[in-house]
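Reviewing the structure listed below.
Laboratory data are not the source of any read-out in this text; all were calculated from the coordinates shown. Predicted model only: the values in this text are computed from it and were never measured. Neighbour counts are summed over all protein chains in view; Cβ atoms, including those assigned to glycine, are modelled from backbone coordinates with ideal geometry.
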Amino acid sequence: MSDLGDTWEEPTYTTLPAPVEELRERVRAFAQEQIVPRAAALDQAPADELEWDLIKQGHDLGLTRLIIPRQYGGLGYGMFGLAVALEEIAAADAGIALVFGATLLGQAPVLLSGDPEVQERWLPMFNTDEPVLACNAVTEELAGCDLLIPENAVHAREVMSAQRKGEGYILNGRKRFITNAKVARYASVYANLGDAPGATALTGFLVPLDSPGITRGPVADKMGYRGCLGSELVFEDVEVPAENVVGGEGGGVHINVQQMNMARAAVAAISTGIAAGAFAIAKKWAGERIQGGTELWRHQFSARKLAEMSAKVDAARLLYRKAAYITDNELPTPPYEPAVAKLFADRIAIEVAEEAMSLMGARGYLKEYGVERYVRNALGTRIYEGSPEVLALAVTDALYAEDDF
């Protein structure tokens with residue numbers, strides 16, 4: 001929850017609390033002045049390049065510590081402030097937004113642990129002059145959604161193993177598709193303890209990525225989200241002390257579910273930003289393009305497209321803000337609102353980006369106009385932190401858990 005004290009007021013979701021509005025304006029200026037002019041080059045750069053100067057500028061704005069309580073050197077904006085900031089960055093470039101979003105995921109188990117000693121050891125590092133990034137290592141070659149759905153844990157195959165050794169643990173296995181893995185200071189890692197079947201004894205560990213036995217694999221060459229780096233992490237007899245366990249032995253499933261519920265509002269914000277960015281390009285085009293003797297937006301068919309795109313962006317924004325506010329104010333975070341926000345916003349990002357491309361015709365298909373980049377990025381967001389099918393299960397589980405259905 002936000003710890004901004006008396007300056008924080010409950011949002012109406014259209015009118016932001018004053019501290020968040022001020023944050024949004026600062027982040028918007030950074031996104032539009034620094035990221036937008038470089039977005040096309042970021043998209044075309046080699047897959048393993050990361051623009052550290054942009055990350056440094058974002059860090060100086062506090063984007064690596066927005067959600068961290070002030071007592072640990074953070075800014076205390078909570079998920080609501082972070083989500084609003086991520087929308088602004090994603091409207092410029094979704095990859096840069098995900099660099100900061102993935103760092104949140106690495107911080108989430110520490111925050112959710114409720115353990116002051118763990119928080120004191122792992123959170124102050126983000127309040128430094130130079131940026132520190134984190135990552136969250138869940139997904140594996142054969143264990144994806146089975147690690148996200150608690151009742152499927154028994155079916156998970158070849159999950160990273162954790163074996164007790166003295167006062168600590170030995171980790172062996174391979175994690176795939178891990179955003180920030182190539183550049184993160186540490187990872188929150190999930191491994192199955194002992195000989196328990198599947199992932200039924202899933203346990204969370206905080207692991208510095210310079211630990212002996214860890215290999216950072218090559219960066220994936222992705223269709224979109226080119227501004228962030230995703231790669232493998234290989235663990236070979238990696239020793240982890242017991243004090244680095246988060247949530248207790250076998251508590252990884254609970255922590256993982258909670259951090260997913262927590263993060264989905266942020267991912268929905270990124271999707272909303274993608275939709276908003278694509279819509280902004282289409283709106284500008286329709287205001288300048290002359291067809292039939294008048295601006296394109298004055299034609300009824302084009303007006304219908306623009307009106308529906310605008311409505312979809314506004315609706316997605318309201319849903320993610322509601323989910324973020326609930327995330328900050330209800331423990332444990334309820335699954336319904338974050339899942340609904342992400343389910344809707346992910347679809348809206350694709351629909352709005354495709355409609356923007358359609359409105360611009362052949363130019364929408366060309367890289368120089370920028371819309372096709374939003375189309376590619378829109379398709380990526382629905383994969384991480386729950387596919388539409390996984391989200392649908394979370395939504396219906398919540399619906400049928402009610403007494404009055």
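Quick notes
- Using θ = phi - 60° and Karplus 6.51 cos²θ - 1.76 cosθ + 1.60, couplings along the range 71-78 (whole Hz; Gly, Pro as x): 5, 10, x, x, 9, x, 7, x
- Peptides ranked, highest mean first, by Cβ atoms within 10 Å: ranges 218-231, 265-278, 315-328: 265-278, 315-328, 218-231
- Whole-Hz couplings from phi, Karplus 6.51/-1.76/1.60, listed for the range 372-384; x for Gly and Pro: 4, 5, 5, 4, 5, 5, 4, 6, x, 5, 6, 8, 8
- Relative contact order (%) - the range 5-126, alpha-carbon pairs under 8 angstrom, separation at least six: 24
- Among Ala108, Ala311, Ala97, residue whose mean-square fluctuation peaks in a GNM of the chain (springs only between Cα atoms under 10 Å): Ala311
- Nonlocal amide H pairs with Leu193, under 5 Å, H built at 1.01 Å: Ala162, Ala201, Leu202, Thr203
- As a ratio to 2.2 N^0.38 Å, the alpha-carbon radius of gyration for the range 154-223 is 1.18.
- Applying the Karplus relation 6.51 cos²θ - 1.76 cosθ + 1.60 with θ = phi - 60° to the range 196-210 yields 3J(HN,Hα) values of 4, x, x, 10, 6, 10, 4, 10, x, 10, 9, 10, x, 7, 9 Hz, where x marks Gly and Pro.
- The per residue volume of the convex hull around the alpha-carbon atoms of the range 134-250 is 97 Å³.
- Among 17-25, 69-77, the peptide with the highest mean count of other Cβ atoms within 10 Å heads the list, and the full ranking is 69-77, 17-25.
- Kirkwood estimate for the range 5-126, i.e. one over the average of 1/r between Cα atoms, Å: 15.2
- Tail weight of P(r) past 24 Å, computed on alpha-carbon pairs of the range 253-401, percent: 37
- Degrees separating the helix 252-288 axis from the principal Cα axis of the chain, which is the longest one: 20
- Among Ala102, Ala184, Ala41: highest mean-square fluctuation, GNM of the chain, C-alpha pairs under 10 Å: Ala41
- Taking Lys and Arg as +1 and Asp and Glu as -1, the other residues whose beta-carbon sits under 13 Å from that of Pro131 total -2.
- Cβ crowding within 10 Å averaged over residues, with 368-379, 337-348 ranked highest first: 337-348, 368-379
- Dipole of the chain computed with +1 at Lys/Arg Cβ and -1 at Asp/Glu Cβ about the Cα centre; of Ala323, Gly168, Gly247, farthest Cα towards the positive end is Ala323.
- Pair-distance distribution of the chain: all C-alpha pairs, bin width 10 Å, starting at 0; shares per bin in whole percent are 5, 23, 33, 25, 11, 3, 1, 0.
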